[in-house]
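The values are calculated or read from the model by the stated rules, or taken from the named source; none is laboratory data. Note that this is a predicted model, so its numbers are computed, not measured. Cβ placement follows ideal geometry from the backbone for every residue including glycine, while neighbour counts extend to all protein chains displayed.
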Amino acid sequence: MNNFDQKIALIGLGYVGLPLAVEFGKIRPVIGFDINNARITELRSGKDSTMEVEHEDLLKAKYLEYSSDRIELEKCNIFIVTVPTPIDNANRPDLTPLIKASQTVGKALKKGGIVIYESTVFPGCTEEICVPILESESGLKFNEDFYCGYSPERINPGDKVNSLTTIKKITSGSTPAIADVIDNLYKSIIKAGTWKASSLKVAEAAKVIENSQRDLNIAFVNELSVIFERLNIDTVEVLEAAGSKWNFLPFRPGMVGGHCIGVDPYYLTHKAEEVGYHPQVILAGRRINDDMARYAARSVIRLMIKNGIDVARSTIGVMGITFKENCPDIRNSKVADLVKELENWGAKVIVMDPWANAAEVSHEYAIELSEFGESKKVDSVVVAVGHNEFRSMTPKKLFDFCKGSKPVLADIKALYDRHESAEAGFTVFRF
């Protein structure tokens, strides 16, 4: 079964979908579809606001077309769905984007078509949720008239080394023959090769535990940092010492946000509870990590009070709002929680970030980005994100941003030498 000449539709052109569309678009016909007209206009002009794909690579995708017209999807035989799979305010999976995307694809699906999902889901979601929608919208029968696959995304936003083509890709198909077709499809663009899973469920489960495992490891060192702070021990120094052993895992404490690590475990626990098991370790890790922003904010407030700073009349400068360094992605940023907690204590908070889009931050979190510095001084500083622009600063430079003789420096990402920061005049807090 050779599908090389069949047109691919990429549904969703965000951090995951666009790199895929571009790579396939270099070698075969592709329609990059997104319901956001502004995004389509932007990409047609050769720009990518996510900064995942360079202008030159966009130009190399000579077989790639962009569209927000659902009629265009009827020209396609292979559909790859890369829409977001967030959680709601109760930490339950929000499958709305996935359901709507399946409805859209179902209307364009023809006999012999293949639908591949890359969005992170719980094991069984493709066959239990998506397939019935595809059948209903298309009038076709699963594994007779059309087929499905699941190939979990492994995009790491902002990472220019571990990119789409250099990371091994898990693939799967709803029949053995389709599994081979899908595997060969991805092999045509993935230099690192593929790993063909035995079923869609195995591939779905593999994805969701990758980030759950990382979440738990970070939760462990986060809990250590809370303990060591009470023991007056620097966590980073402890981890560096322990790291001298060959098999010690080098995880660092921090606020866990973003579209994957802070979200995916809830998809797994949702399914576990659905089948009658209440997870304990996974949810414990989530509770610890979700509390770190509040813990950081309260630690800053405690030290400011100890230093005689009137918190209710103070101004605190926060450096960084994106969920990770050197990346404009603000999805599920825990810095927003930190800001809210500081404001709850009456402090005025100024947030600056050279990478974030101010309009997006305002819309998503009602936070207005600004600047502070030697001409607009603050009482304390929280360095929340490790952008290169912040790493290049020195504690002395940061101290020049502050008024008063006893400012607090919350070096959340441990960018600076603790002793040098103290010598510069700061009372230092870090995870």
Within the range 79-106, restricting to residues that are farther than 17 Å from residue 14 by Cα, touching a strand residue (DSSP E or B) at 6+ places or on another chain (Cβ under 7 Å) and of a type in the set (A, V, I, L, M, F, W, C), the one that is modelled with the highest pLDDT is 105
Going residue by residue through the range 28-38, is there one that turns out to be in the same structural domain as residue 190 (by TED's automatic domain parsing), among the polar types (S, T, N, Q) and more than 24 Å from the chain's Cα centre (by Cα)? no
Residue list for the range 227-242, restricted to those being closer than 16 Å to residue 415 by Cα and charged (D, E, K, R): 234, 237, 240
Counting only residues that are polar (S, T, N, Q) and under 22 Å from residue 84 (Cβ atoms), which one in the range 40-69 is surrounded by the most Cβ atoms within 10 Å (Cβ to Cβ)? 50
Subset of the range 305-320 (residues that are surrounded by 24 or more Cβ atoms within 10 Å (Cβ to Cβ) and either touching a Phe, Trp or Tyr at 6+ places or on another chain (Cβ under 6 Å) or on the phi < 0 side of the Ramachandran plot (or both)): 316, 317, 318, 319
Kindly evaluate residue 240 against the criterion of being assigned to a helix (DSSP H, G or I) and free of Cβ contacts under 8 Å to residues at least 40 places away in the same chain. yes
Does residue 212 meet the test of being touching a residue at least 60 places away in the same chain (Cβ under 8 Å), touching a Leu at 6+ places or on another chain (Cβ under 6 Å), within 19 Å of residue 123 (Cα to Cα) and of a type outside the set (Asp, Glu)? yes
Tally up the residues in the range 221-237 that are surrounded by fewer than 16 Cβ atoms within 10 Å (Cβ to Cβ) and either part of a helix (DSSP H, G or I) or charged (D, E, K, R) (or both), please. 3
Quick one: in the range 372-411, of everything that is in contact with a Lys or Arg (Cβ under 8 Å, 6 or more places away or on another chain) and closer than 14 Å to residue 314 by Cβ, which residue is surrounded by the fewest Cβ atoms within 10 Å (Cβ to Cβ)? 403
Out of the range 21-39, which residues are surrounded by fewer than 19 Cβ atoms within 10 Å (Cβ to Cβ) and part of a helix (DSSP H, G or I)? 37, 38
Spot the failing condition for residue 340; the list is (1) of a type in the set (Lys, Arg); (2) surrounded by 15 or more Cβ atoms within 10 Å (Cβ to Cβ); (3) under 26 Å from residue 238 (Cα atoms), and only one is missed. (3)
Odd one out for residue 231 among (1) at pLDDT 95 or above; (2) farther than 19 Å from residue 123 by Cα; (3) within 23 Å of the chain's Cα centre (by Cα): (3)
Can you name every residue in the range 340-381 that is within 30 Å of residue 51 (Cα to Cα) and polar (S, T, N, Q)? 357, 362, 370
Those helices (runs of 4 or more DSSP H) completely within the range 339-430 that have 2 or more residues that are farther than 19 Å from residue 295 by Cα, free of Cβ contacts under 8 Å to residues at least 40 places away in the same chain and touching an Asp or Glu at 6+ places or on another chain (Cβ under 6 Å) are 395-400
Index of the failed condition, residue 292 passing every other in (1) among the hydrophobic types (A, V, I, L, M, F, W, C); (2) modelled with pLDDT of 95 or more; (3) crowded, with 23+ Cβ neighbours inside 10 Å; (4) under 17 Å from residue 205 (Cβ atoms): (4)
Residues of the range 353-371 satisfying the condition of being of a type in the set (A, V, I, L, M, F, W, C) and surrounded by fewer than 20 Cβ atoms within 10 Å (Cβ to Cβ): 358, 359, 366, 369
Consider the range 180-198. How many of its residues are in contact with a helix residue (DSSP H, G or I) (Cβ under 9 Å, 6 or more places away or on another chain) and either buried (at least 19 other Cβ atoms within 10 Å of the Cβ) or of a type outside the set (Phe, Trp, Tyr) (or both)? 11
